[in-house]
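Peer 1: Once you've had a glance at the structure underneath, I'll fire off some questions.
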Amino acid sequence: RPLDINIELPNEQSAQKLKIGIYFATWWALNVVFNIYNKKVLNAFPYPWLTSTLSLACGSLMMLVSWATRIAEAPKTDLDFWKTLFPVAVAHTIGHVAATVSMSKVAVSFTHIIKSGEPAFSVLVSRFFLGETFPLPVYLSLLPIIGGCALAAVTELNFNIIGFMGAMISNLAFVFRNIFSKKGMKGKSVSGMNYYACLSMMSLLILTPFAIAVEGPKMWAAGWENAVSQIGPNFVWWVMAQSVFYHLYNQVSYMSLDQISPLTFSIGNTMKRISVIVASIIIFHTPVQPVNALGAAIAILGTFLYSQAKM
Ligand code: 3PG
């Protein structure tokens, strides 16, 4: 009887592990840099709708140039592809702008503590919208996630309701984005990198009219002048950095999605949040009370228990 086991040589296995390790490290590093510059920009220029639009515009432009110069091969797409992408792009746009609005109102660390509660949203949406049921340990793991986030929220020194709601809306939107994109990427011929490029372009088209309606060029011009006079010409580089790094970290995360399971991805995402929370607390000297840190630690521990329970 022929052996039907897939034998992976130890060398191949460690090469694959190394590759995933490099993806993860790059993803987290790019994300930390994005979060720092994004907050620096928002502190001086509190217009999150414009900065969110610029991030998408910058990524779209980078990818169009890469396709035109053949640095990357342009994807072959049809109308069906763009139709399936539409709900993903709507959810991505809402999740992105809501997270940025949140970060314009509260500390980066607080937004990411609330965002570490994403698995709880995922389970609740799957349960109530898709009728999926889970084993008891999965539901139990939600208790520390929800309890930890709640403890961190009520003890947050600079609590702001818009900041809190923005992070919650972002969680909900990204759960829908992940559900829709799982369907959209199934059996796809478009790579993770190009899929994210198309997603940025469509999100940019969706977001631009809303950004103009909510904030608009008049506010932007006055705010920009003010920011440049406060920070100096370097301000433009900060805006460039937040936009470029936003695209790069998302691109790497979609590229790694090609290689790993959604579960490994969500564990990686939680670990990413730990690096952002720690880095931003150090860089922005965010005041943290011990009970506040305890809430964050419980929530993060909960997301690890959740991933164990899902395995
Ligand atoms: C955004 O602006 O889209 C958020 O910062 C994204 O958050 P996440 O990729 O860490 O979920």
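Peer 1: Rounded to the nearest 500, what is the 222 nm mean residue ellipticity of the chain from helices alone, with -39500 (n - 2.57) per DSSP H run of 4+ residues and division by all residues?
Peer 2: It lands at -28000 deg cm²/dmol.
Peer 1: Can you work out the FRET efficiency for the pair residue 17 and residue 218, with r the C-beta to C-beta distance and R0 = 45 Å, to the nearest 0.05?
Peer 2: Once the sixth-power term is evaluated, E becomes 0.30.
Peer 1: Still on this structure, I have one more. Tell me, in nm to one decimal, what length is gained between residue 271 and residue 25 on full extension, where the rule is 0.36 nm per residue of separation less the Cα-Cα distance?
Peer 2: Value of the extension gain: 87.5 nm.
Peer 1: Treat each spin label as a single point 7 Å out from the Cα along the C-beta direction, and report the residue 71 to residue 189 distance in nm.
Peer 2: Between residue 71 and residue 189, the label points sit 2.6 nm apart.
Peer 1: Which of 53, 84, 270 moves most in a GNM of the chain, Cα contacts under 10 Å?
Peer 2: 84
Peer 1: Given labels modelled 7 Å from the Cα in the Cβ direction, how far is it in nm from residue 230 to residue 264?
Peer 2: Inter-label distance under the simple model: 4.3 nm.
Peer 1: Under 8 Å for C-alpha pairs, at least 6 residues apart: give me the relative contact order for the chain, rounded to a whole percent. Walk me through the numbers on the way to the answer.
Peer 2: Values: 384 pairs, mean separation 121.8, N = 311.
It rounds to 39 percent for the chain.
Peer 1: What dipole magnitude, in Debye to the nearest 20, does the stretch 41-310 give about its Cα centre under +1 on Lys/Arg Cβ and -1 on Asp/Glu Cβ?
Peer 2: Here the stretch 41-310 has a charge dipole of around 400 debye.
Peer 1: Ok, one more. Full-extension gain between residue 283 and residue 128, please, as 0.36 nm times their residue separation minus the C-alpha to C-alpha distance.
Peer 2: Working: separation 155, 0.36 × 155 = 55.80 nm, distance 3.99 nm.
Contour length minus the Cα-Cα distance gives 51.8 nm.
Peer 1: Sticking with this structure for a sec: Springs between alpha-carbon pairs under 10 angstrom, Gaussian network model over the chain: which of 126, 14, 55 fluctuates most?
Peer 2: For the chain, modelled as a Gaussian network with Cα springs under 10 Å, the answer is 14.
Peer 1: Hey, fewest Cβ within 10 Å first, where do 132, 215 land in order?
Peer 2: 132, 215
Peer 1: Using 1/(1 + (r/R0)^6) with R0 = 35 angstrom and r between the beta carbons of residue 61 and residue 140, what's the FRET efficiency to the nearest 0.05? Show your work: numbers first, answer last.
Peer 2: On the way: r = 46 Å, r/R0 = 1.32.
Using R0 = 35 Å, I get an efficiency of 0.15.
Peer 1: Taking the stretch 41-310, how much of its Cα-Cα pair set, in percent, is spaced more than 31 angstrom apart?
Peer 2: 28
None of the figures in this text is laboratory data; all of them are computed from the coordinates on show. These numbers were taken from a predicted model, which means no experiment stands behind them. We place every Cβ from the backbone using ideal geometry, glycine too, and count neighbours over all the protein chains shown.
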